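For reference, the structure is listed below as structure tokens.
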Amino acid sequence: MKNPTMTSKTITASAAGTWKLGDLTVNRIGFGAMRLPQNGEAFGTNTPSDRDRAIAVLRRAVELGVNHIDTAAFYFSSLRSANELINSALAPYPDDLVIATKVWPGRDPSGNWWWAEPGQLRGQVEENLRQLGRDHLDVVNLRVRPSRTGRSIAEHFAALADLRQAGLIRHLGISNATQEQLAEARRIAPVVCVQNPFGIGARPEDHALLRACGEQGIAFVPFFAIAGKGREAGASATDNDDILSIAHAHGATPAQVRLAWTLQRGPHVLAIPGTGNPDHLAANIAAGALRLTDDEMTRLDTL
Ligand SMILES: NC(=O)c1ccc[n+]([C@@H]2O[C@H](COP(=O)([O-])OP(=O)(O)OC[C@H]3O[C@@H](n4cnc5c(N)ncnc54)[C@H](OP(=O)(O)O)[C@@H]3O)[C@@H](O)[C@H]2O)c1
């Protein structure tokens with residue numbers, strides 16, 4: 001593809017192929033819902049988004065073939081909830097739509113953060129079920145508490161495995177996790193995905209975990225692939241010269257190059273770019289058709 005920005009209207013989320021999360025087949029370009037409740041501002045800010053625009057973005061994503069949406073009950077601003085927007089926009093849900101959510105962190109009604117004890121994970125799962133209007137959740141990621149980095153997650157993961165056995169959850173994943181935690185979780189129950197921050201400039205240990213997931217047939221689902229160091233605050237208005245020149249050579253945008261680079265790390269890498277902007281949505285889906293050369297990949301690898 002020479003110009004994904006110009007042709008984005010015709011490119012769908014299957015352009016980068018598919019992957020199986022357990023028994024659920026998804027297109028490799030998905031959608032992250034964290035950005036929907038706020039008005040184009042950093043996650044955690046309270047200015048509500050335009051409801052009609054957020055709903056239109058979700059419906060357009062599905063029209064363009066997105067069948068993997070990442071969400072969480074703790075994605076809300078003062079007046080908007082990502083789960084409620086997904087429910088209102090998309091229910092009754094298409095048969096092939098896979099909704100992945102996350103538990104362990106929670107937010108009280110005022111937005112203050114708390115962290116669940118293992119016995120409280122059931123309540124967090126049920127909160128997602130109620131908000132999404134479902135009887136079971138397709139994928140639930142155990143989002144590891146920062147203070148547990150490098151420590152055992154066995155008690156929490158075992159509690160989620162019990163909820164899977166009880167039929168509330170179809171497949172389990174882990175998020176913000178290490179290789180050791182992945183190995184520990186897999187000794188308890190099957191893991192279909194690892195959702196971690198990853199993008200151009202990632203650390204060697206992040207690359208190692210991505211590769212390990214591929215070797216074990218587990219999806220690696222990067223977040224902040226566009227936002228990079230901007231993290232929750234979002235993407236920067238300026239970009240690196242190498243990324244800009246590679247984007248220019250393809251008639252693409254820097255955000256598209258960042259997404260294409262992550263997708264080309266392996267067939268098990270699933271993108272979940274987050275946006276409340278319909279033009280950015282179309283561009284992100286079109287990035288699935290952008291193929292970087294080996295030389296371009298090497299240049300980007302060194303950044
Ligand atoms: N497991 C976890 O701990 C965790 C943490 C963070 C996020 N997540 C999940 O991962 C998803 C992705 O993360 P994210 O949304 O923070 O980061 P991202 O997808 O890397 O980047 C989003 C940022 O890039 C901008 N953007 C998106 N598409 C663009 C485009 N085509 N051109 C220019 N700018 C573009 C967005 O602004 P606009 O809105 O203006 O487009 C926003 O500032 C989230 O939605 C969430 O579902 C998970």
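The values are calculated or read from the model by the stated rules, or taken from the named source; none is laboratory data. All figures in this text were calculated on a predicted structure; none of them were measured in a lab. Every residue, glycine among them, receives a Cβ derived from its backbone with ideal geometry; neighbour counts consider all protein chains shown.
Things to note:
- Residue in the stretch 18-34 that is nearest to the chain's Cα centre (by Cα), counting only those that are over 18 Å from Asn141 (Cβ atoms) and surrounded by 14 or more Cβ atoms within 10 Å (Cβ to Cβ): Ile29
- Filtering the stretch 58-70 to residues that are touching a residue at least 40 places away in the same chain (Cβ under 8 Å) and either more than 9 Å from the ligand (Cβ to nearest atom) or surrounded by fewer than 23 Cβ atoms within 10 Å (Cβ to Cβ) (or both) leaves Arg60, Ala61, Leu64, Gly65, Val66, Asn67, His68.
- Within the stretch 251-285, the set of residues being of a type in the set (S, T, N, Q) and in a helix (DSSP H, G or I) comprises Gln256, Thr262, Asn284.
- Asn240 being of a type outside the set (A, V, I, L, M, F, W, C), touching a residue at least 40 places away in the same chain (Cβ under 8 Å), more than 9 Å from the ligand (Cβ to nearest atom) and out of contact with any Lys or Arg (no Cβ under 6 Å at 6 or more places or on another chain): yes
- Filtered residues of the stretch 152-187 (kept if of a type in the set (D, E, K, R) and farther than 14 Å from Val103 by Cβ): Arg170, Glu180, Glu184, Arg186, Arg187
- Screening Phe220 against (1) within 12 Å of the ligand (Cβ to nearest atom); (2) within 16 Å of the chain's Cα centre (by Cα) leaves a single unmet condition, (1).
- Residues (surrounded by fewer than 16 Cβ atoms within 10 Å (Cβ to Cβ) and β-branched (Val, Ile, Thr)) located in the stretch 38-57: Thr45, Thr47
- Contact map, the stretch 285-303: first residue of a type outside the set (Asp, Glu), second residue in a helix (DSSP H, G or I) and surrounded by fewer than 19 Cβ atoms within 10 Å (Cβ to Cβ), Cβ cut-off under 6 Å, separation 6 or more or different chains; pairs are Arg299/Asp242.
- Residue satisfying all of: in the stretch 91-118; under 16 Å from the mean Cα position of the chain (by Cα) and touching a residue at least 60 places away in the same chain (Cβ under 8 Å); farthest from the ligand (Cβ to nearest atom) among these: Val98
- The requirement of being more than 16 Å from the ligand (Cβ to nearest atom) and touching a residue at least 40 places away in the same chain (Cβ under 8 Å) is not satisfied by Gly150.
- Residue within the stretch 141-150 that is modelled with pLDDT under 95, out of contact with any strand residue (DSSP E or B) (no Cβ under 9 Å at 6 or more places or on another chain) and either aliphatic (A, V, I, L, M) or more than 27 Å from His268 (Cα to Cα) (or both) present: no
- Selected residue (only one of Ile226, Ile243 is over 30 Å from Leu24 (Cβ atoms) and either more than 16 Å from the chain's Cα centre (by Cα) or not polar (S, T, N, Q) (or both)): Ile243
- Candidate set: the stretch 272-284, residues that are touching a helix residue (DSSP H, G or I) at 6+ places or on another chain (Cβ under 8 Å) and within 8 Å of the ligand (Cβ to nearest atom); chosen: the one nearest to Pro197 (Cα to Cα): Pro273
- Single residue of Thr302, Thr253 found to be hydroxyl-bearing (Ser, Thr, Tyr) and at pLDDT 95 or above: Thr253
Residue-by-condition table, conditions (1) in contact with a strand residue (DSSP E or B) (Cβ under 7 Å, 6 or more places away or on another chain); (2) farther than 30 Å from Ile243 by Cβ; (3) part of a helix (DSSP H, G or I); (4) not β-branched (Val, Ile, Thr):
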{"position": "Arg130", "(1), (2), (3), (4)": "no, yes, yes, yes"}
{"position": "Arg164", "(1), (2), (3), (4)": "yes, yes, yes, yes"}
{"position": "Ile174", "(1), (2), (3), (4)": "yes, no, no, no"}
{"position": "Arg187", "(1), (2), (3), (4)": "no, yes, yes, yes"}
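- Looking across Asp162, Asp138, one residue alone is over 22 Å from Trp114 (Cβ atoms), among the acidic types (Asp, Glu) and at pLDDT 95 or above. It is Asp138.
- Index of the failed condition, Asn141 passing every other in (1) more than 16 Å from the ligand (Cβ to nearest atom); (2) surrounded by 23 or more Cβ atoms within 10 Å (Cβ to Cβ): (1)
- The lone exception for Ile246 - which of (1) within 13 Å of the ligand (Cβ to nearest atom); (2) buried (at least 23 other Cβ atoms within 10 Å of the Cβ); (3) in a helix (DSSP H, G or I) it fails: (1)
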